[in-house]
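Input: a single structure, listed below in structure tokens.
The values are calculated or read from the model by the stated rules, or taken from the named source; none is laboratory data. Predicted model, so just to flag it, every value in this text is computed and none were measured. No Cβ is skipped: glycine too gets one built from the backbone with ideal geometry, and neighbour counts run over all protein chains shown.
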Amino acid sequence: MESLRIRVNGKELQVEKGVKLGEVFGILGIQNAVGGKSGSRLIDLLTPLQEDMELTPVFKEDPESLDIMRHTLSHILAQALKELYGYEKVHLGVGPTTEEGFYYDVEVEGHTISSEDLPRIEEKMREIIAKNYPIFRKEVGREEAIKLFSDLKEKYKVEIINRIDEGETISIYGQNGFVDLCRGPHVPFTGMVGEFKLTHVAGAYWMGDSSRPMLQRIYGIAFWDKKDLEERLKFYEEAKKRDHRRIGRELELFLIEDEVGAGLVLWLPKGAILRKTLEDYWKEEHLKRGYQLVYTPHVGNAKLWQTSGHLDYYRPNMFSSMEIEGEEYFVKPMNCPFHIAVYKSKVRSYKELPIKLAELGTVYRYEMSGVLHGLMRVRGFTQDDAHIICAPEQVEEVIQETLEFAIDVLRDFGFEDFKVYISTKPADAIGSPQQWELAEKALKKAVERMGIEYEIDEGGGAFYGPKIDVKIRDAIGRLWQCSTIQFDFNLPERFDMEYVGSDNRRHRPYMIHRAIFGSIERFVGVLLEHYAGLLPLWLSPVQVRVLPVSSEKHLTYAREVEGYLREKGIRVELDARDERLSARIRDAELQKVPYILVIGDKEMEGKHVSVRGKKEGNLGSMAVEAFTNLLLEKIGKKE
């Protein structure tokens, strides 16, 4: 029998080839391990070892142990579904782990699983866990695997097997009559899993292909400790309260209606004011920093997208073409080619560089319906796009200035906690080694000069250049991708971009794509969730609501106050409905209006207003001018 050399925590031993990892740990007296790790590869206790290797035990205290446990829970979920709805009626797709738990994609004949079914499924899962069934692992040949899963009526598993490369190991796991195609890893007994909760059900196309069947995806979360699970469930409850889709509906900001089109946003009057405020701020800040604003069409000739490469590489994400006078046109998925056309509209000198072209450009991309999510993932959205064209020697200065700009903007919106990632050269990169070295060095220097910690995403850059991604942490700790600074060595070549240098010769410029918000839609969604709908005063669509106690006695003065505030540039509403004052105050609070002005006899006589702040509470009586000056000061400081 062939032997292997296995090294565990500095101890080396020889074992027979094919011995299970659990047996190796037993020989070494290692107890309570839930698996092992060789480099970044996780191995469960059931796996036979086939080569010399160095191993580290994985215990519950190790983060990797959660992946092993959660994977087992996905199988227990699948077994529970089979036992509840019938082994031959439940067809299994895939059941991977997630950052916080697991899910399984399934097709259930004759039944649509809803959230009401989850407690019953959980109960069945707990039965399986309580019985502590031993879990087995077996390696099988391709033909045996196909026959096994064909007999089990598992059509999706057969399809997966047919996609597995020749010579690759095919393994199955199972317990108590349940069998699944799986690479692992798993714990050795069903009773070894931790605390879990099924959270929700969603739809998911098989293989992510909208032309394939829609399966049902059942999500769960899992942790070893009950306290961790409860904390995560509280987090979900808080996140649910902050859901921008609900807030947007309640505050009458936006709509997404099926009859208009999935993933297409209707901005309501209040949402339009919020959007205008963002856009005005964006334009002012760009003009201050020497950007030139441009506007470009929503459609472009197919030749443009052929030159840019979009028709070769991005066609599945583009909407269908249209024919205009014998020419093929596409709705734009990107703004870049148009900005390049602006740059190329005349000969450029090195003295003009860097040229910074900026646009709030609306683009359209085909996203599958299963991934659409409120404002966060849509089919039509407005990028806060900019393209900076510069000479190679200007790169470091441009990157630092651009990153500083992005951080300054995000801080104006109340974000102070950032995570920065630098994505470096991938295997399929274009561009010279010198270009990549210069670009990556510039990105790192800019971040380091600002004293911001960053992580390297090795090989994570696009084929056409490295990038910086800035993620912001919101009020409940979630990270959101916002700003991106992306080098592009591809489009300057494709479009033959040039500038005349000091030597009077033609040179190829560098181009940098840059977005700060990412998109107006997504950024509004992030703001609504970060602030739970109570936006900062300067952003609030309605900053003040005026409430006359009596619509007969106090309405004239209330209108004077409303008019005065509006003249001063404050966004104000008058609510003179024939409702009780308490009901109107409650409505203003639900609408997250920052300030309520109540006007009664006393206020009318003294030409004052009674002020209630959403955050500060009752501020008492003030002269209208004093209140106005207070607000204007707060708005100016972006408090």
Check: Of the residues that make up region 312-334, is at least one under 26 Å from Leu443 (Cα atoms), out of contact with any Asp or Glu (no Cβ under 6 Å at 6 or more places or on another chain) and of a type outside the set (D, E, K, R)?
Finding: yes
Checklist line | The lone exception for Glu455 - which of (1) part of a strand (DSSP E or B); (2) surrounded by 14 or more Cβ atoms within 10 Å (Cβ to Cβ) it fails | finding: (2)
Next item on the list: Go through region 302-420 and tell me which strands (runs of 3 or more DSSP E), entirely inside it, have 2 or more residues that are at pLDDT 90 or above.
Entry: 327-331, 355-364, 380-390
Next item on the list: Write out, first by first residue and then by second, each pair whose Cβ atoms fall under 9 Å of each other, whose residues are 6+ apart or on separate chains, and whose first residue, in region 1-22, is assigned by TED's automatic domain parsing to the domain that holds Leu42 and farther than 21 Å from Val34 by Cβ while the second is in a strand (DSSP E or B) and among the small types (Gly, Ala, Ser).
Entry: Gln14/Ser3; Glu16/Ser3; Lys17/Ser3
Notebook entry, point to check: Just for region 554-571: of the residues that are farther than 13 Å from Val598 by Cα and free of Cβ contacts under 8 Å to residues at least 60 places away in the same chain, which one is nearest to the chain's Cα centre (by Cα)?
Noted result: Arg566
Margin query: Exactly one condition in (1) surrounded by fewer than 20 Cβ atoms within 10 Å (Cβ to Cβ); (2) touching a residue at least 60 places away in the same chain (Cβ under 8 Å) is false for Leu77; which is it?
Written below: (1)
Next item on the list: Find the residue count for region 391-407, including only residues that are free of Cβ contacts under 8 Å to residues at least 60 places away in the same chain, more than 11 Å from Leu438 (Cβ to Cβ) and among the acidic types (Asp, Glu).
Entry: 2
Notebook entry, point to check: Can Glu625 be described as under 37 Å from the mean Cα position of the chain (by Cα), exposed (fewer than 13 other Cβ atoms within 10 Å of the Cβ), not aromatic (Phe, Trp, Tyr) and not assigned by TED's automatic domain parsing to the domain that holds Phe415?
Noted result: no
Notebook entry, point to check: Do any residues in region 97-108 that are at negative phi have Cβ atoms under 6 Å from those of residues that are small (Gly, Ala, Ser) and not in a strand (DSSP E or B), where the two are at least six apart or on different chains, and which pairs are they?
Noted result: Phe102/Ser74; Tyr104/Ser74; Tyr104/Ala78; Tyr104/Gly95; Asp105/Gly93
Notebook entry, point to check: Which one is surrounded by the fewest Cβ atoms within 10 Å (Cβ to Cβ), of the residues in region 247-271 that are under 28 Å from Ile407 (Cβ atoms) and either touching a helix residue (DSSP H, G or I) at 6+ places or on another chain (Cβ under 6 Å) or hydrophobic (A, V, I, L, M, F, W, C) (or both)?
Noted result: Trp267
Margin query: Looking only at region 85-94, filter to residues that are assigned to a loop (DSSP other than H, G, I, E, B) and at negative phi; which one of those is surrounded by the most Cβ atoms within 10 Å (Cβ to Cβ)?
Written below: Gly93
Item checked: In region 426-440, the residues that are touching a strand residue (DSSP E or B) at 6+ places or on another chain (Cβ under 9 Å) and assigned to a loop (DSSP other than H, G, I, E, B) -> Pro426, Ala429, Ile430, Gly431
Next item on the list: Provide a single number: the residues in region 152-174 that are in a helix (DSSP H, G or I) and surrounded by 13 or more Cβ atoms within 10 Å (Cβ to Cβ).
Entry: 7
Next item on the list: Take the residues in region 70-113 that are of a type in the set (Val, Ile, Thr) and under 23 Å from the mean Cα position of the chain (by Cα), then tell me which one is nearest to Gln216 (Cα to Cα).
Entry: Val94
Next item on the list: Would you check if Gln394 is buried (at least 19 other Cβ atoms within 10 Å of the Cβ), of a type in the set (S, T, N, Q) and not assigned by TED's automatic domain parsing to the domain that holds Leu215?
Entry: no
Checklist line | Any hit, region 112-131, residues being closer than 26 Å to Ser150 by Cβ and either in a strand (DSSP E or B) or not assigned by TED's automatic domain parsing to the domain that holds Trp206 (or both) | finding: no
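Identify, from the list Glu552, Glu573, Glu579, the residue that is of a type outside the set (Lys, Arg), farther than 30 Å from Trp480 by Cβ, part of a strand (DSSP E or B) and out of contact with any His (no Cβ under 6 Å at 6 or more places or on another chain). Even if it seems obvious, please write down each step before you answer.
Values: Glu552 fails: part of a strand (DSSP E or B); Glu579 fails: part of a strand (DSSP E or B).
The unique qualifying residue is Glu573.
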Next item on the list: Identify, from the list Leu534, Leu581, the residue that is surrounded by fewer than 18 Cβ atoms within 10 Å (Cβ to Cβ), within 30 Å of Leu264 (Cα to Cα) and touching a residue at least 24 places away in the same chain (Cβ under 8 Å).
Entry: Leu534
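Among the listed residues Arg584, Arg559, Arg514, Arg545, which satisfies the condition of being of a type in the set (Lys, Arg) and closer than 25 Å to Phe381 by Cα?
Of the residues listed, the single one that is of a type in the set (Lys, Arg) and closer than 25 Å to Phe381 by Cα is Arg514.
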Note to self: Among the listed residues Phe149, Phe102, identify the single one that is part of a helix (DSSP H, G or I) and of a type in the set (Phe, Trp, Tyr).
What the structure shows: Phe149
Check: Residues in region 110-123: is at least one in contact (Cβ under 8 Å) with a residue 60 or more places away in the chain, within 28 Å of Leu45 (Cβ to Cβ) and surrounded by 14 or more Cβ atoms within 10 Å (Cβ to Cβ)?
Finding: yes
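How about region 590-618: which of its residues are hydrophobic (A, V, I, L, M, F, W, C) and either under 16 Å from Val549 (Cα atoms) or surrounded by 14 or more Cβ atoms within 10 Å (Cβ to Cβ) (or both)?
The answer is Val593, Ile596, Leu597, Val598, Ile599, Met604, Val609, Val611.
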Check: Looking at Glu493, Glu560, Glu521, which one is surrounded by fewer than 19 Cβ atoms within 10 Å (Cβ to Cβ), assigned by TED's automatic domain parsing to the domain that holds Leu360 and not in a loop (DSSP other than H, G, I, E, B)?
Finding: Glu493
Next item on the list: Check Gly600, Gly620, Gly613 and return the single one that is free of Cβ contacts under 8 Å to residues at least 24 places away in the same chain and farther than 29 Å from Ile247 by Cα.
Entry: Gly620
Margin query: Which condition from (1) under 23 Å from Lys138 (Cα atoms); (2) surrounded by fewer than 21 Cβ atoms within 10 Å (Cβ to Cβ); (3) over 35 Å from the mean Cα position of the chain (by Cα) is the one that Asp67 breaks?
Written below: (3)
Margin query: With the requirement that a residue be in a helix (DSSP H, G or I), surrounded by fewer than 14 Cβ atoms within 10 Å (Cβ to Cβ) and without any contact (Cβ under 8 Å) to a residue 12 or more places away in the chain, what does region 198-246 give you?
Written below: Lys227, Glu230, Glu231, Lys234, Glu237, Lys240
